[in-house]
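The values are calculated or read from the model by the stated rules, or taken from the named source; none is laboratory data. Since the structure is predicted, the reported quantities are computational estimates derived from the model, not experimental observations. Cβ coordinates were reconstructed from backbone atoms using ideal geometry, including for glycine residues, and neighbour counts include every protein chain displayed.
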Amino acid sequence: MKKCLIVVNTHKDESQNLGRMIQSYLAGKSIESSVFCFDGFSTENPFTGFDFVITLGGDGTVLFAARGCVKNKIPVFPVNLGEFGFIASIQKNEWQKELDLFLAGKSEVDERNMLNAALVSTRQSEPFSGIGLNDVVICAKTAARTIMFTVSYNDVPLGTFKADGIIISTATGSTAYSASAGGPIIDP
């Protein structure tokens, strides 16, 4: 691995300092690195051309990176600077030891399923599509309203539903919004 992108969450004070430390550490190992500042919302895809990505933030930073890395099968090394760290599981005081194991090919790399969803509406000429590591949520614009939608999976119809929304979750996302709405928790 010769080229790394470090995604720093600009809402986490320590992420930029830690990003500089990691950049210096990687330079000592002859690994080129660049920094991408992530403010929580980005439509950019800065991941092309990198061998691996290090995220410095919380689970939301990992979710952003996963969407951009999946097509090129770029591994994400998630350092937790957030509150929970369900997905960003490497603690900030363990990054160097864990990164050495990762670079030596001695760490366990989890592969996770992701969702690729498309919303086709009679009111829109172009369908909306997106990819997610956690879940896809489709809901009415306002509370106390219902919508009618037809759901299919791989072109197999699952049914037509009238509700205020629907959550389609991966096993990774089953502990998040889906669980708070009463969905089952699934082991990845």
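Which ones in region 102-116 are surrounded by 13 or more Cβ atoms within 10 Å (Cβ to Cβ) and either more than 15 Å from the chain's Cα centre (by Cα) or farther than 22 Å from I87 by Cβ (or both)?
Filtering region 102-116 for residues surrounded by 13 or more Cβ atoms within 10 Å (Cβ to Cβ) gives 102-103, 107, 112, 114-115.
Matches in region 102-116: F102, L103, S107.
For A163, state whether it is surrounded by 10 or more Cβ atoms within 10 Å (Cβ to Cβ), more than 30 Å from L26 (Cα to Cα) and modelled with pLDDT of 90 or more.
Values: surrounded by 10 or more Cβ atoms within 10 Å (Cβ to Cβ): yes; more than 30 Å from L26 (Cα to Cα): yes; modelled with pLDDT of 90 or more: yes.
In short, yes.
Show the residue pairs meeting these rules: Cβ distance below 7 Å; 6+ apart or different chains; first residue within region 175-188 and touching a residue at least 40 places away in the same chain (Cβ under 8 Å) and outside any loop (DSSP other than H, G, I, E, B); second residue loosely packed, with under 13 Cβ neighbours inside 10 Å and not hydroxyl-bearing (S, T, Y).
These pairs meet every condition: T175/I185.
Restricting region 87-101 to residues that are of a type outside the set (A, V, I, L, M) and more than 18 Å from the chain's Cα centre (by Cα), which is surrounded by the fewest Cβ atoms within 10 Å (Cβ to Cβ)?
Start the filter on region 87-101 by keeping residues that are of a type outside the set (A, V, I, L, M), which leaves 89, 91-98, 100.
So of that shortlist, the ones also more than 18 Å from the chain's Cα centre (by Cα) come out as 92-98, 100.
Numbers: K92: 15, N93: 8, E94: 13, W95: 20, Q96: 11, K97: 11, E98: 16, D100: 13.
The selected residue is N93.
Restricting attention to region 117-159, report how many residues are in contact with a helix residue (DSSP H, G or I) (Cβ under 9 Å, 6 or more places away or on another chain) and polar (S, T, N, Q).
Of the residues in region 117-159, 1 are in contact with a helix residue (DSSP H, G or I) (Cβ under 9 Å, 6 or more places away or on another chain) and polar (S, T, N, Q).
Does F41 qualify as being surrounded by 13 or more Cβ atoms within 10 Å (Cβ to Cβ), on the phi < 0 side of the Ramachandran plot and hydrophobic (A, V, I, L, M, F, W, C)?
Working: surrounded by 13 or more Cβ atoms within 10 Å (Cβ to Cβ): no; on the phi < 0 side of the Ramachandran plot: yes; hydrophobic (A, V, I, L, M, F, W, C): yes.
No.
Would you mention how many residues in region 151-174 are farther than 18 Å from I131 by Cα and among the polar types (S, T, N, Q)?
Residues meeting the conditions: 1.
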